Amino acid sequence: MELLVKSGITLHVFGDSWKQCPMIDCPQMVWHPAAIGKAALEVYARAKISLNVMTWHKDGFTERIANSMLQGAVAVTDRTTYLEENFVDEEELLIFHLGYEKALRQHTWHDRADKLLEWIEADMV
């Protein structure tokens, strides 16, 4: 999202949780109150892409995804077991994987120390 905003693309975000976003003061980040019911369907109908983040039900499905798809927007969401079992990624919607596992495997202070030691041993520092 930061890349999109910095590239000058306007993003419309809905709901109070976005007020905590560090980019909320960027002119390209347009905050709206939560859209519920028919108002949400109208938002999805105007959208080209609907970005969804599953905040707490990581094994399930949310009406935001279904309603986005039913209104013609491309649904982009983080993975859940339900989505992977019931939809085809890159055909019916786009699933992204939050980077926790990769960060845990490759981007801890321990990994940085190991890399630094490799460089020292290779005389690269």
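The values are calculated or read from the model by the stated rules, or taken from the named source; none is laboratory data. Everything quoted here is computed from the prediction, not taken from an experiment. Don't worry about glycine lacking a Cβ; one is built from the backbone with ideal geometry, like all the others, and counts go over all protein chains shown. We work out accessible area using only protein heavy atoms, side chains counted, and drop any ligands, DNA or RNA first. Shrake-Rupley method; radii C 1.70, N 1.55, O 1.52, S 1.80 Å.
Below are the figures for this structure:
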read-out: Asp114 modelled with pLDDT of 85 or more and over 27 Å from Val5 (Cβ atoms); value: yes
read-out: Members of the stretch 31-43 found to be in a loop (DSSP other than H, G, I, E, B) and surrounded by 12 or more Cβ atoms within 10 Å (Cβ to Cβ), listed by number; value: Ala35
read-out: Total residues in the stretch 85-101, condition modelled with pLDDT of 90 or more, surrounded by 10 or more Cβ atoms within 10 Å (Cβ to Cβ) and not in a loop (DSSP other than H, G, I, E, B); value: 5
read-out: Residue, most open to solvent (accessible area, probe 1.4 Å), within the stretch 44-84, restricted to residues that are β-branched (Val, Ile, Thr) and closer than 21 Å to Ile9 by Cβ; value: Ile49
read-out: Pairs with Cβ under 7 Å, 6+ apart, first in the stretch 50-66 and under 12 Å from Thr80 (Cα atoms) and among the polar types (S, T, N, Q), second open to solvent by less than 30 Å² (accessible area, probe 1.4 Å) and in a helix (DSSP H, G or I); value: Asn52/Ile65
